[in-house]
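Enquirer: Pasting in a structure now, in structure tokens, and then I'll have a few things to ask.
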Amino acid sequence: MAFNRVRLAVALALACFAAGTSAQAQTIKVGIIGPFSGPFAHYGTLFKNGAEAYIASQGGKLAGKQVELIYRDTGGPNPGQTKTLVQELIVKDKVDYLGGFVFTPNALAVAPLIQQSQTPTVIFNAATSAITEKSDYFVRTSFTLWQVTVPLAQWAAKNKIKKVVTAVSDYGPGIDAEAAWKSEFTKQGGTVVESIRMPMPTTDFAPFVQRVKASGAQAVYAFLPGGPPTLGFVKAYNENGLAKAGIQFLGTGETDEVDLQKFGDAAIGLTTSYHYSGAHDSDANRKFLAALKKKDPKAVGNYAVVGAWDGMYVIQKMIEATGGQKNGSKAIAAVRGLQWESPRGPVRIDPKTRHVVQNVYLRKVEKAGGQLVNKEVQNFGPQTDYGLQK
Amino acid sequence: MRVVANVLVDGLAYGMVLFVIAAGLSVTLGLMRFVNLSHGAFAMIGGYGAVVLTRDARCSFWLAMLAASTATGVVGAVLEALVLRHLYRRGELDQVLFTLGLTFFLIATTNALAGPQVQLIELPPRLAQPVDLGFRTLPAQRLLVLACGVVVALATAWVVTRARFGIWLRAAVDHPEMAAALGIPIRLVQNASFAVGAALAGLGGILGAELMPLEPYYALKYLVLVLVVVSVGGMGSLLGSLVASLMLGIVETASKYVASEWGSLFFFLAMALLLAWRPNGLLRPRAAA
Amino acid sequence: MTVEIHARASRCAPPWRGSAVVLTIGLVAWWLLPDQMGLYTRIAYTALFVVSLDLVVGVAGMPTLGHAAMFGLGAYAAGLFALRVHADPTTGLLVGTVAGAAMAAASGAFVLRYRGFTFLMLTIAVAQIAASLLIRGRAWTGGDDGLTGFAPAPLFRLFAFDLEGRTAALYGLGALVIGLYVARRVVDSPFGLAVRGIHENRARMAALGIPVIPRLLAMYALAGGLAGAAGAISAQTNSIVGIDSLSFSWSAEALVMLILGGAGRLHGAIVGAIAFTVLHHTASSINPYHWLFVIGGALMLVVLFPPKRLWIRLRDRFRPFGSGARTSTSEAR
């Protein structure tokens, strides 16, 4: 027994020593929260690709400091578990920054934690407008539904589309999308003939697509979370002959690059309004895609990867501004009004809402070089988060 | 009227998929009284097998469908003979725990081998086309599902009522001791029916891949649906499973058409009412042991 | 159905012994691990939830996959109470307990008339119906996005819920200790014995004049109350209630934890809850992609090589002069 106690004491001493040395190494710790298992696990990989590719492109360090990325798996929309994970990251791992977040409930759950601990948190994906209002330490580099929907509604009205049916998933961003469309489209003189809400667990979209067909609208505006639901809905749209019936597809992220090739030629002509296309013609985008391919030749660049890429840029600026020390308010103050050229186009962090102001593009799916791409046919110009302006 | 036609077509297709997957579980539960919660994993294995065969081995869809289902059946037979049969004597909770653990393990294996994203089976061009039936355009694949479902239903009905194996099966389900005493090879019947059930599940996974997308969590996600069908239809009753899956498929589809904000409420309400009315299953008037 | 009639010695043990052990270990752990308070609180309410499940599955012998409905109802009730009425945590805890018990009583009146597989499926249906209704009532419950915007007031008006989660952890521990005590008292009482008797042989109990369904309903309602309490704690300490709190997977996980630790003895529920939660947490942080391998493999191993047999063998080694008969009924055919 005594021998064991000696062993224990030595082990404890070594552990303390190790802990002490690592504290002096000045590593910036960033916690990345996302789904790494479950049906949305692809988001975890996309975040990882974007974040690590960015750090590699900066030579392995951000603002001269070593950065350690700590990944935590939320599994899906699981606010209780997310809160526990983030609490541990803040209290035990003592992270300096947080990034990630795919689902609204998970982001909402950690708002009180980051507010109290003053931990700047960059949202790489979650798209409900109200999130950034819940804490002063949220910064968002993704998009919101109002931001990408309002210009699309204006475009539709201008292009003689008068009757539209909306079909959205029944959750925060989906309801935001429906509200944004209704508000702007009716303002422009159009009518929303039916508002279909699809439960989140739906996998068979044929009934909803049939309802769209029966509604008598000229177009369907759809929003679903990326991954299996989006794939299922677009396939159902294609396979049930809606395009032939004359009902145009108006969407946002449904044709994203991760699943785009799976639709086949049936997807050609689908119209979407979004902030990032893999086919965006700019040097910044080419550099971004090259860095991604260097990290993993099979990696695909889409809105989530760009969200992580730009998110790490924002974190880099925050590290610069605070000199590597943990100072939440100084960090947030430094990025208000920050402007830069992102792979998606020119962007700016709105000083009041801490949400990204960016160009939104009208895209049509085309075939280029044997692959399907989202070709940007029109630039709506810089859009703010209209959802917060009310 | 159009809505009714739509509901019928989509509901029957959905119900057929559920039937094909659930048939095997119904037999396993009724025959061996073995709570096999890894049944959903067989559907998943069949589906993924078809994906690999059509995409990587460039097989034709029909060949892949046949090969993947058969392979799943073989996997089931091996699993049953080596591992699962030792659990027949254990309590239900042990069976639940083991098969759940097996399901988790298979989910993790699928994730490790194929990645977390949804996999699509490459359909031959004829099946991928929409077909115009006059009142409704639907993907040709749905017609295939309906046709296969009918074939499976008829085939199983024939086997159960006419073939010797079916007679052995029914005897073993109704009175296992008596059947054994009469010289019916119970072990063979158990293994063979488990294997066939697994193969059918695999086939269901392939047919239903459009309705129930293939991804690693498939095994757990659709487990509840299959359990519902089996419980409502009655353990061991194939006809019961057919009727239950068609009815529930139509209810679920109807609610999607008419009352989608209520989610799966009507499905489970219908299930609860049916179970309350016929606790031992729709078509099993005798009390289950 | 595996039932173990444990040694007479443990049944004669004072009812506060289990709670005292849990309290001691809990306080020591709270002292030693100040960085893990989030996980600690999670373990506390999970353990309470699994103990309540043990009352239904282990004691009353009715395996259920819908117990999360009581947990979820308790969570939503406590959350709504904090949001719209008053943020005092102990009152909210009471509200959650009552909500869970009411849900159990209402659904039990219908489902307890059935047994075995039918009962199991009906409990799943009840939970899913409850979940659908809660999602529909989006204006009240936040639907798929969850109920947010509330935070608990200081406990006993003295101890604020701090960032590190120390108050929340002690709050959870306290509830677990009290819940365990109540469960132990009930299980060892004549009522509890009657329910165990119903589990073992329903017909015989009915012949003895015991009203079977009312007894089961009372136990079900009590279990529902404890589950609702666990849900209330999760709502208050997380400041958010998601629809996942009623999900099938949460019910299934709790059942797995219970079987892992051993059903029927109450402390098995706590052991299982701790083991599973810690295993999940550790495996998940080492590799978020592949933690399911670990869990799946562990479950299969536990069934093939049951730790109960090893535990009994160990216990026999240290108590060669066994106090009373040590009978364990063999696994049911």
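The values are calculated or read from the model by the stated rules, or taken from the named source; none is laboratory data. Values in this document were obtained by computation on a predicted structure and should not be read as measured data. Cβ sites come from the backbone with ideal geometry, for glycine too, and all protein chains shown count toward neighbours. Surface areas here come from the heavy atoms of the whole protein model, side chains and all, with no ligands, DNA or RNA. Shrake-Rupley method; radii C 1.70, N 1.55, O 1.52, S 1.80 Å.
Enquirer: Can you list the residues of region A:353-376 with backbone N under 12 Å from a point 7 Å past the Cα of residue A:188, pointing along Cα to Cβ?
Expert: A:362
Enquirer: Computed FRET efficiency, Cβ-Cβ of residue B:83 and residue A:195, R0 56 Å: what is it to the nearest 0.05?
Expert: Computed FRET efficiency for residue B:83 and residue A:195: 0.65.
Enquirer: For region B:1-67, what is the accessible area per residue in Å², given a 1.4 Å probe and the full set of protein chains?
Expert: Each residue of region B:1-67 exposes 32 Å² on average to a 1.4 Å probe.
Enquirer: Hey, another quick one. Between residue A:362 and residues 5 or more places away or on another chain, which pairs have amide H atoms under 5 Å apart, with H built 1.01 Å from N, and which residues are they?
Expert: It is A:377, A:378, A:379, A:380, by chain and number.
Enquirer: May I pose another question? Give A:163/A:367; A:48/A:375; A:61/A:94; A:162/A:262; A:134/A:317; A:61/A:326 a once-over and call out the pairs whose C-alpha atoms are over 21 Å from each other.
Expert: A:163/A:367; A:48/A:375; A:162/A:262; A:134/A:317
Enquirer: Taking the Cα centre of each part, how many Å lie between region C:200-215 and region A:245-276?
Expert: First find each Cα centre; the distance between them is then 63 Å.
Enquirer: Also, I was wondering about something else. Across peptide A:193-200, how many C-beta atoms of other chains are within 10 Å of each residue C-beta, on average?
Expert: If you average over the peptide's residues, the count of other-chain Cβ atoms is 4.
Enquirer: Report Rg/Rh for region C:1-122, rounded to two decimals, where Rg is the Cα radius of gyration and Rh the Kirkwood radius.
Expert: The Rg/Rh ratio comes out at 1.03.
Enquirer: For residue B:135 and residue A:286, what is the calculated FRET efficiency with R₀ set at 41 Å and r taken between the beta-carbons, to the nearest 0.05?
Expert: 0.25
Enquirer: If you don't mind, there's one more thing I want to ask. So if each residue of separation counts as 0.36 nm, and I subtract the Cα-Cα distance between residue A:333 and residue A:366, what length gain in nm does that give?
Expert: 7.7 nm
Enquirer: Write out the trypsin sites (Lys or Arg not before Pro) in region C:155-239 meeting two conditions: DSSP loop, and at most 11 other Cβ atoms within 10 Å of their Cβ.
Expert: C:157
Enquirer: Pull up all non-local amide H partners of residue A:122: gap of 5 or more, or a different chain, and H-to-H distance under 5 Å with H placed in the peptide plane.
Expert: A:98, A:99, A:100, A:139
Enquirer: Distance in nm between label sites at residue A:130 and residue B:182, each 7 Å beyond Cα in the beta-carbon direction?
Expert: In this crude label model, residue A:130 to residue B:182 measures out at 6.6 nm.
Enquirer: Right, something else. Given axes a ≥ b ≥ c from the Cα gyration tensor, I'd like to know whether region B:193-289 is rounded (a/c under 1.5), prolate (a/b larger than b/c) or oblate.
Expert: Because a/c hits 1.5 or more and a/b fails to exceed b/c, region B:193-289 counts as oblate.
Enquirer: Please list, in order, the residues from region C:160-184 whose amide nitrogen is less than 18 Å from a point placed 7 Å along the Cα→Cβ vector of residue C:91.
Expert: C:160-161
Enquirer: Would you pull out the residues with amide H under 5 Å of residue A:223's amide H, same chain only if 5 or more places away, H placed 1.01 Å from N?
Expert: Counting only residues 5 or more places away or on other chains, the set is A:167, A:168, A:169.
Enquirer: Which residues, if any, in region A:99-113 have at least 30 Å² less accessible area in the whole protein complex than in the isolated chain, probe 1.4 Å?
Expert: A:105, A:108
Enquirer: Right, something else. Give me the distance in nm between label points sitting 7 Å out from Cα along the Cα-to-Cβ direction at residue B:273 and residue A:214, one decimal.
Expert: Spacing of the two 7 Å Cα→Cβ label points: 2.0 nm.
Enquirer: Of the peptides C:123-131, A:380-388, B:55-63, B:5-13, how do they stack up when ordered by the mean number of other Cβ atoms within 10 Å, highest first?
Expert: C:123-131, B:5-13, A:380-388, B:55-63
Enquirer: Taking the Cβ-Cβ separation of residue C:305 and residue C:106 as r and a Förster radius of 56 Å, what is the calculated FRET efficiency to the nearest 0.05?
Expert: 0.85
Enquirer: Separate question: Using the Cα gyration tensor of the protein assembly as shown, with a ≥ b ≥ c the square roots of its eigenvalues, what is the shape: rounded (a/c below 1.5), prolate (a/b larger than b/c) or oblate (neither)?
Expert: oblate
Enquirer: Need one word for region C:2-246: rounded, prolate or oblate. Basis is the Cα gyration tensor (sqrt eigenvalues a ≥ b ≥ c); a/c below 1.5 gives rounded, then a/b vs b/c decides.
Expert: Since a/c reaches 1.5 but b/c is at least a/b, the shape of region C:2-246 is classed as oblate.
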